[in-house]
Amino acid sequence: MKTAWIVNHYAHHRERDGRATRHQHLAAGLTAHGWHSVVIAAGTDHPSGRSHMNGSALRERWSGDGYEFCWLRGVDHRGSGVRRTIRRVADIGVFTALLLTPRMLRGLPRPDVVIGGSFHPLAAWAASVLARRLDVPFVFEPRDLWPESALGLAGMTERHPVIRVLRRLERTTVNRAHHLISPLEGVGRYYADRGHDVPFTWIPNGVALDDQDERRDEAIERSEPGDDHFTVTYIGSMGPANALEAVLDGFDLASRRAAASGGPRLTLRMVGDGSDVTALRERASRLPAGADVVWDGRMPQDQARRIGRQADCLVVNMHDLPLYRHGVSMNKQYEYMLLARPLLVGAPVTLEPVAASDSGLHVRPDDPQAIADGILALAAMPPAHRDAMGARGRDHVTREHDYRHLAGVLAGVLDDTVATA
């Protein structure tokens, strides 16, 4: 079997983090196509910032059926405020330094190709350095575009020294790549417009059907016709990029309007954690409908999914930023669709799987009034109508976004890259 190293700072692992995401699923799926994968990640969890490594060890290894993980020590950055920011930057620096430390990766099977993901740009750049050291081809996986993310989310300008450094890192990393892959469908156009002639393949996020009870024989509690309750649920990270302030404010508006018109009583369930949880809970406590916001906290993936299946609708919101015209790669949109519940989406671009399956409503992003209108529109629908929307979403995502299929697409890219490098 050929070997691929997959470098991603925040790759999740089910046994360690309570949930599996893109890179574990792809690594497992590559086995069927003749590839052994080594996922190289940090010993810290995202978004909580908790370090999973104890003692003085600088790395840990885990071996599974045809793939493995290698965790490098990181810096615990739980908490909030400036201290958290400093420690998170330190976590990025430590991971990058260890990745490039000679002999730190000793004992791992020698790769035929190295994949580097840019949740932050230093990890992808370091992966490109490893590929050059080992004289193997490099595949670049931009999951967030840098420095576009800093320009959009941090309000920096092109003249800022940090942006100039990020631009240089971007050019270096892309120029070293033999192929580009990304869950952002516009990445190929983005780099082509900047003069980079690198082949691109869109590999979207997906769902792992092996993790699901496909017989659907588990009892699913939902509101019955005539029930005077309507539950809106959010599942996922709670940080600056998740734009949850507008969700809280929109829910509050919808709740007050429903009460005034004799509509259903609304409940908002917030499942997950992140750097903004404290501020969001304080914001909710000041709202008239704050008592109807339930904070479930972080929980294992199967429990979160059970709560999601009980919802009347699932909500997601985004900031209205030019950055997103290059594509959106939210794991949660596919996870939501898998739960067979209708979606309420506040986004500056149409989420194509949701639109293609007619499984939700799109409203203006970052707009509490638009979110309130969407909640009330879904609440006014007959339950059978909402169930049908959710079923269409599940059928679409299981047909088009199974990670076993996506792993085959990735395997094809890797085969061609190795053959032509």
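The values are calculated or read from the model by the stated rules, or taken from the named source; none is laboratory data. No experiment lies behind these values; they were computed from the predicted model shown. Note that each Cβ is placed from the backbone with ideal geometry, even for glycine, and that neighbours are counted across all protein chains shown. Ligands, DNA and RNA are excluded from the accessible area calculation, which covers all protein heavy atoms including side chains. Shrake-Rupley method; radii C 1.70, N 1.55, O 1.52, S 1.80 Å.
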Quiz item: Within the stretch 95-122, how many residues are part of a helix (DSSP H, G or I) and free of Cβ contacts under 8 Å to residues at least 40 places away in the same chain?
Solution: 3
Quiz prompt | Qualifying residues in the stretch 42-55 (those that are open to solvent by less than 10 Å² (accessible area, probe 1.4 Å) and in contact with a helix residue (DSSP H, G or I) (Cβ under 8 Å, 6 or more places away or on another chain)) - the one nearest to G239 (Cα to Cα) | solution = G49
Quiz item: Can you pull out the residues in the stretch 56-78 that are without any contact (Cβ under 8 Å) to a residue 12 or more places away in the chain and open to solvent by less than 70 Å² (accessible area, probe 1.4 Å)?
Solution: none
Quiz item: Just checking, which of D296, D312 is over 28 Å from E148 (Cα atoms) and in contact with a Ser or Thr (Cβ under 8 Å, 6 or more places away or on another chain)?
Solution: D312
Quiz item: Restricted to the stretch 284-300, and to residues that are open to solvent by 50 Å² or more (accessible area, probe 1.4 Å) and touching a helix residue (DSSP H, G or I) at 6+ places or on another chain (Cβ under 7 Å), which residue is nearest to A20 (Cα to Cα)?
Solution: W295
Practice problem: Kindly indicate the residue of the stretch 276-305 that is within 19 Å of the chain's Cα centre (by Cα) and among the basic types (K, R) and also nearest to A258 (Cα to Cα) among those meeting that condition. | Solution: R305
Quiz item: Here are some residues: A90, A126. Which one is surrounded by 19 or more Cβ atoms within 10 Å (Cβ to Cβ), part of a helix (DSSP H, G or I) and either under 23 Å from the mean Cα position of the chain (by Cα) or in contact (Cβ under 8 Å) with a residue 24 or more places away in the chain (or both)?
Solution: A126
Practice problem: Please determine, by comparing only the residues of the stretch 13-24 that are open to solvent by 20 Å² or more (accessible area, probe 1.4 Å) and assigned to a loop (DSSP other than H, G, I, E, B), which one is modelled with the highest pLDDT. | Solution: T21
Practice problem: May I ask you to verify whether D358 is closer than 27 Å to A246 by Cα, out of contact with any strand residue (DSSP E or B) (no Cβ under 9 Å at 6 or more places or on another chain), among the charged types (D, E, K, R) and free of Cβ contacts under 8 Å to residues at least 40 places away in the same chain? | Solution: yes
Practice problem: Would you point out the residue of the stretch 330-373, among those that are more than 25 Å from Q303 (Cα to Cα), of a type in the set (A, V, I, L, M) and in a loop (DSSP other than H, G, I, E, B), that is most open to solvent (accessible area, probe 1.4 Å)? | Solution: V349
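If you take the residues in the stretch 374-391 that are part of a helix (DSSP H, G or I) and surrounded by fewer than 19 Cβ atoms within 10 Å (Cβ to Cβ), which one is nearest to the chain's Cα centre (by Cα)?
A391
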Exercise. Can you confirm whether the stretch 61-76 contains a residue that is of a type in the set (G, A, S) and assigned to a helix (DSSP H, G or I)?
Key: no
Quiz item: Can you pull out the residues in the stretch 247-268 that are in contact (Cβ under 8 Å) with a residue 12 or more places away in the chain, surrounded by fewer than 22 Cβ atoms within 10 Å (Cβ to Cβ) and either more than 21 Å from P365 (Cβ to Cβ) or among the small types (G, A, S) (or both)?
Solution: R256, A258, G263, P264, R265, T267
